[in-house]
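Structure first, then comments.
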Amino acid sequence: MDLMCDISNIKGVGEKTAKYLNKLGVYTFEDILLFFPRTYYLYPDIEPLDNNLVGKEVAIAAKINIPAKVIHGKKMDITSCTAYCCDNNIPLDLIWFRAPYIRSQLNVNETYIFVSKLLFEHNHFKMEMSKIFTVDQYISLKNGPQPVYHLTRGLNNNLVKKIINDVFKQINIDDNRLPEAVEENLQLMPYSRALFAYHFPKDYQQLIEARRRLAYEELFYFILNTRLSEKNTVSVENKLELKNDDCVEDIKSKLPFKLTVGQSEALEDIKNDIRSSYVTQRLIQGDVGSGKTMVAFLAMLDVISNGYQAVIMAPTEVLAVQHYETFIQYTKNFGLDYPVALFTGSMKASQRKKMQAIVDENDAVFIVGTHALISDKTNLRQVGLVVCDEQHRFGVAQREKLSKKGIDPHMIVMSATPIPRTLAMILYGNMHVSVIKELPANRLPVKTCVIKDNMRPNAYKFISDEISKGHQCYVICPLVEATETTEAENVIDFAKKLEDYFEGKYKIEYLHGKMKNDEKNDIMNSFADGKTDILVSTTVVEVGVNVVNATVIMIENANRFGLAQLHQLRGRVGRGADQSYCILMDSASDSKDSKRLEVMLKTNDGFEISREDLKLRGPGDFFGVRQSGEFSFKIADIYNDSQLLEIASKDVDELLKKDPDLNQSPMIKNALTRFIINQSYVL
């Protein structure tokens with residue numbers, strides 16, 4: 001069998017299981033091999049019951065003297081029993097909810113390993129919902145890190161592991177994927193071995209070596225594809241005829257504030273671009289709240305005031321509507337006689353028709369929208385400038401399709417992710433780069449604190465005090481690692497806990513990525529309109545609306561996030577004149593993880609945070625803590641793998657010097673084709 005075989009060809013994968021896998025984007029053998037673990041779980045050492053272990057996840061070897069019993073309650077079945085620790089014979093109360101089948105799994109006088117968080121209640125040690133293993137099973141699991149996969153309802157982690165293992169048994173994987181000299185110089189693990197070891201590492205060191213190989217290859221082919229794309233890009237003559245920038249200068253003089261140095265320089269860069277001989281692409285890197293939207297508006301005005309249309313595309317409908325309303329307000333405040341049109345996927349036909357008429361009837365117009373702008377139903381003309389907000393949400397093909405609706409327009413992509421300039425130049429290739437570092441003068445830095453769980457009541461009181469002042473709060477929940485809890489259940493559970501804690505006093509909503517777009521938009525709009533007091537969400541709010549009234553963001557298990565992502569999330573507050581606050585809940589048992597969070601207390605500068613994060617994180621931090629940002633690689637991370645990125649860039653340049661069209665490197669050309677098909681990044 002080959003890599004393109006349908007996943008249903010695996011023994012034990014029926015129609016129903018195949019559908020579940022399809023939901024996760026897995027259709028072929030190759031898909032499942034590239035369906036990498038989201039993190040790894042290291043099972044704890046077996047220890048005797050001890051007060052020092054309370055509050056920690058532990059492994060206890062114990063025997064049961066009396067069979068487990070099941071109590072059938074109105075709301076749920078509760079299975080319980082008492083086991084006695086093999087090391088010191090101390091009793092351990094065990095409870096499972098909604099799991100009556102557990103009773104048949106436990107035999108009297110047989111030793112089991114119970115793994116869960118150890119509690120101490122009513123003078124007794126206790127575990128809830130513990131995992132159960134035989135001694136042999138546990139010894140086997142303890143040998144190496146255990147993979148934990150993203151799941152959907154209907155799949156469990158063990159089933160995914162079995163399917164992946166079966167695929168490895170059925171196929172041969174070609175190892176000829178990189179230049180031999182590169183593999184030798186970097187002493188890289190062979191591809192097939194690295195692929196298997198990344199799913200099933202025998203120990204932590206092997207996992208690190210496997211990851212290094214896969215991360216390097218991912219970066220190598222990403223850069224190779226970028227370089228070849230640049231090479232095949234023909235310089236396009238600039239067709240814009242811009243007479244002056246009087247309108248932009250007039251509006252700048254009417255602003256109630258002075259542009260920062262970074263804003264001014266970025267705007268000048270864009271003005272020079274759109275007056276140059278060739279069509280250009282520019283990246284505007286600006287920290288959260290640095291005023292990129294104002295720069296985009298003025299750049300678009302420069303084009304529009306000279307008789308052309310300009311487009312800004314946002315990643316979400318909520319953000320598009322916010323841009324639309326902001327631009328309408330700007331045109332009204334500054335007395336500009338240019339219309340603003342909006343296109344989103346959920347618009348009614350009558351609304352779309354009205355907006356299309358605005359575009360058709362006006363040479364000079366601000367056009368705002370989502371992916372709906374790319375749709376064949378949307379007709380654009382005379383577009384001289386395209387701005388992509390939060391650029392990593394749009395792929396190459398999408399941007400090209402939008403460009404073709406104009407007259408070879410110039411392209412600006414805006415990003416709030418701080419990437420060191422040297423890395424940005426490698427990653428973005430032929431894009432020019434402008435950086436806005438300063439925050440506007442009226443912005444107060446967000447005050448940040450890091451607290452442990454014992455301070456949670458204080459945090460809740462603080463949130464309550466802010467709400468009593470008329471403000472709002474975000475609570476961010478990550479996925480719960482090393483469990484099969486879905487994103488949706490985690491957020492829903494936490495929202496329910498808050499409702500119980502505050503006894504229904506506040507309006508609490510939850511938001512997660514698996515909701516339908518209309519539902520997400522309604523919830524975000526409700527929060528933006530001040531109708532919701534607390535929004536419990538996953539990181540889908542990272543790119544979100546400007547809720548000026550939100551003054552607190554509390555981030556659960558903050559140690560599980562990369563610092564760059566924490567900085568992005570922190571940027572959801574501090575958007576108005578009121579002092580805002582970020583509460584980082586630290587659940588780390590490792591002092592090193594806690595120390596990493598201290599960087600967030602020292603600075604609000606995203607670039608500085610990025611640099612510090614690079615210094616503090618070692619190989620052991622690669623797993624489970626992912627950065628967010630421009631490039632959603634399967635394995636590589638531009639922060640952690642910055643050195644590999646620079647090496648890969650040099651290796652690609654060396655290869656293309658010797659073999660510019662890859663005519664002498666058929667195996668690399670083939671691997672590049674597969675890489676593009678399985679495109680694991682968004683550029």
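The values are calculated or read from the model by the stated rules, or taken from the named source; none is laboratory data. Just so it is clear, the structure is predicted and the values come from calculations on it, not from any experiment. FYI the Cβ positions are ideal-geometry reconstructions off the backbone, even for glycines, and counts take in every protein chain you see. Please note that ligands, DNA and RNA were not included when accessible areas were found on the heavy atoms of the full protein model with its side chains. Shrake-Rupley method; radii C 1.70, N 1.55, O 1.52, S 1.80 Å.
Some observations on this one:
- Taking the average, over residues, of other Cβ atoms within 10 Å as the packing measure, peptides 126-134, 514-522 rank 126-134, 514-522 from highest down.
- Share of carbon and sulfur in the accessible heavy-atom surface of the range 1-74 [1.4 Å probe, %]: 52 percent
- Only protein heavy atoms count here; on that basis, with a 1.4 Å probe, Ile426 has an accessible area of about 20 Å².
- Stokes-Einstein diffusion of the range 224-342 at 10 °C, 1.306 mPa s viscosity, Kirkwood radius from Cα pairs, rounded to a whole number: 100 µm²/s.
- For the range 255-367, a simple Cβ point-charge model (Lys and Arg +1, Asp and Glu -1, everything else neutral) yields a dipole of about 280 debye relative to the Cα centre.
- Only DSSP H runs of four or more residues enter the estimate; each adds -39500 (n - 2.57), and after division by the residues of the chain the mean residue ellipticity at 222 nm equals -11500 deg cm²/dmol.
- Measuring against 23 Å, Cα to Cα, the residue pairs Lys11/Lys669; Lys23/Lys162; Lys69/Lys126; Lys243/Lys271; Lys239/Lys271; Lys243/Lys354 contain Lys11/Lys669; Lys243/Lys354 as the ones spanning a longer distance.
- Hull shadow area, averaged, the chain [alpha-carbon convex hull, nm²]: 33.0 nm²
- Highest average first, the peptides 42-51, 58-67 ordered by how many other beta carbon atoms sit within 10 Å of their residues are 58-67, 42-51.
- Taking every DSSP beta bridge that has both ends in the chain, the antiparallel portion is near 35%.
- Stokes-Einstein diffusion coefficient of the range 550-600, Kirkwood radius over Cα pairs, 20 °C, 1.002 mPa s, in µm²/s: 188 µm²/s
- Simple point charges give the picture: +1 on the Cβ of Lys and Arg, -1 on the Cβ of Asp and Glu, and for the chain a dipole about the Cα centre of about 1180 debye.
- Per-q log10 I(q)/I(0), the range 87-153, q = 0.29 Å⁻¹ (Debye; single scatterer per alpha-carbon; no solvent): -1.34
- Within-10-Å neighbourhood charge of Leu267 [Cβ basis; K, R +1; D, E -1]: -3
- Where Met76, Met425, Met585 fall by accessible area, highest first, once all protein chains stay in place (1.4 Å): Met425, Met76, Met585
- The alpha-carbon of Lys377 sits under 15 angstrom from the alpha-carbons of these aspartates and glutamates, leaving out residues fewer than 8 places away in its chain: Asp360.
- Sorting the segments 576-582, 331-337, 172-178, 217-223 by their residues' average number of neighbouring beta-carbon atoms within 10 angstrom, most packed first, yields 217-223, 576-582, 172-178, 331-337.
- Expressed as a whole percent, the proportion of Cα-Cα pairs in the range 144-288 lying more than 21 Å apart is 68%.
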